[in-house]
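Undergrad: Dropping a structure here in structure tokens format, bear with me for questions.
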Amino acid sequence: MATAQRPAAAASGAVPRRGLHHKLGFTTATRFWLFVLFATPMIYFSVRRLDYIDIDSAFCGGPNHAIQGECYWYSQPGMDRMGMMLHLGAILPAGILACVQFVPAVRRRFIALHMINGYIVVTLSVLGTIGVLMFTPHAMGGSRMTQAISVLVCTMFLVALFKAQLGIKRGRIDQHRAWMLRAWFYAGAIITMRPILILVAWLSSKTPTYDAFPCKVVEYILSGDQAELLARFPSCARYVSGEDLEEWTVVKANFPVGDDVGSAAALRIGFAVGGALAIAIHAIGIEAYLHATAAENERLKKISVHKRAATGRAKSQTGSKDTKASPSVPSPRSEKGQNDQGGSAVLF
Ligand code: HEM
């Protein structure tokens, strides 16, 4: 029976729709697999770390805790702790919810869900980014390089989100798509940087490489063992004696051989290098992706122009800003048929 139906469908010009990718609204399997490739790491990473939101027991206390020494700042009340709570509490749900926005079937069939979820994601993203800026002065050692990378990624993320919102307010679906993709590719750099960070940490430990630490942070990593602190870092003598509580020392990178202080130094060095490389890879990568999908951009541009022209006609007919009553404005349902080929035009 099924084989008998196929030629009939082909003869009528209808494309038989099968498979998960069609159900989710992706026009081609390639687009579906690209979505899977980019969204899965973000969802997996965010879900795996949801328990970190409970800073004291998971992020600072659990078996997969933060990098050694970081919780010196996050476990005591202050700006760093508040910032980290805000960052994790907002950005992890945002990372999961953002992926839903890129599923064409959601945009096409549940436009209200796309809009509501979109506002939630943007709000959480902004809050999460504010959180980063709050803990940036001390995060991963707080070197100028580390601060610059964090501020750069935050700025790129926020600007892209802003441009995406601006695009949709102006009725430019093509711009909205491009800038939302950019925003989340930039944010995704935070995941790509991790394998690079570990590689750099390992390589840095092969040759003499050093990082500077406040003695109080080294003492924290050594669980308050002042005898070990003095034995391994004699330059912390004035800190131990109480003469200079802001004394710093130099730590040799040593990863991953069970030396917590050396590991922390190596991973901090890796963070700055990994962050810089990852954001460069993602910034170039998304431009290449947008270039490769330029046809989709053109298609959305045409739909945007058509929509705006229709809206303009409706306004001139009614003489008011309310376009809902006008028969000239295509309803989401009538646009649905028009957009079935690419799936992302029924946005707002
Ligand atoms: C938008 C730009 C972002 C920047 C600049 C940024 C920056 C940072 C920094 C510097 C830390 C390290 C804090 C420390 O250990 O001292 C951190 C931690 C963390 N961030 Fe972000 N982040 C961003 C986005 C994201 C996104 C999109 C997610 C996930 C959806 C995320 C999830 C996490 C998690 C789970 C941690 C806890 C530590 C860890 O697992 O390594 N961040 N972030």
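Only the coordinates and a few stated rules stand behind these numbers; no lab work does. What you see is a predicted model; the values in this text were computed from it and never measured. A quick note on method: Cβ atoms are made from the backbone with ideal geometry, for glycine too, and the neighbour counts reach across all protein chains shown.
Undergrad: On full extension of the chain, what length is gained from V151 through M79, given 0.36 nm per residue of separation minus the C-alpha to C-alpha distance?
TA: Gain in length upon complete extension: 24.3 nm.
Undergrad: Restricting to Cα pairs below 8 Å that are 6+ residues apart, what does the relative contact order work out to for the chain? Please round to a whole percent.
TA: So the answer I get is 17 percent.
Undergrad: Quick one: plug the Kirkwood hydrodynamic radius of the chain (C-alpha pairs) into Stokes-Einstein at 4 °C, 1.567 mPa s, and report D in µm²/s.
TA: 56
Undergrad: A further question follows. Work out Dmax and Rg for region 48-127 from the C-alpha atoms and quote the Rg first, both in angstrom.
TA: According to the Cα coordinates of region 48-127, Rg and Dmax are 15.7, 48 Å.
Undergrad: While we're on this one: Which one of P208, L230, V121 is farthest out on the positive end of the charge dipole of the chain, using unit charges on Cβ (Lys, Arg +1; Asp, Glu -1) and the Cα centre as origin?
TA: Of P208, L230, V121, it is V121.
Undergrad: Another question, if that's okay. For region 55-152, what's the relative contact order in percent, using C-alpha pairs closer than 8 Å and at least 6 residues apart?
TA: 30
Undergrad: Still on this structure: Under 5 Å between amide hydrogens, which residues at least 5 positions from T249 or on another chain qualify, with H placed 1.01 Å from N in the peptide plane?
TA: Residues meeting the criterion, in which the H sits 1.01 Å from N, are F213, C215.
Undergrad: Next question. Of the options T27, I281, M145, report the single residue whose Cα projects farthest towards the positive end of the charge dipole of the chain (beta-carbon charges: Lys, Arg +1; Asp, Glu -1).
TA: T27
Undergrad: Compute the semi-axes of the equivalent ellipsoid of region 210-252, taking the square root of 5 times each eigenvalue of the Cα gyration tensor, and list them largest first in whole Å.
TA: So the three semi-axes of region 210-252 are 13, 12, 9 Å.
Undergrad: Same structure, new question: Give the list, by residue number, of cysteines in the chain with no other Cys Cβ closer than 4.7 Å, or say none.
TA: Unpaired cysteines in the chain: C99, C154.
Undergrad: Magnitude of the Cβ-charge dipole of the chain, K/R +1 and D/E -1, about the Cα centre, nearest 20 debye?
TA: Around 2940 debye, computed over the chain.
Undergrad: Past 18 Å, Cα to Cα, is the threshold; run K23/K301; K23/K307; K169/K302; K163/K307; K169/K301 against it and keep the listed order.
TA: From the list (K23/K301; K23/K307; K169/K302; K163/K307; K169/K301), the Cα-Cα distance tops 18 Å for K23/K301; K23/K307; K163/K307.
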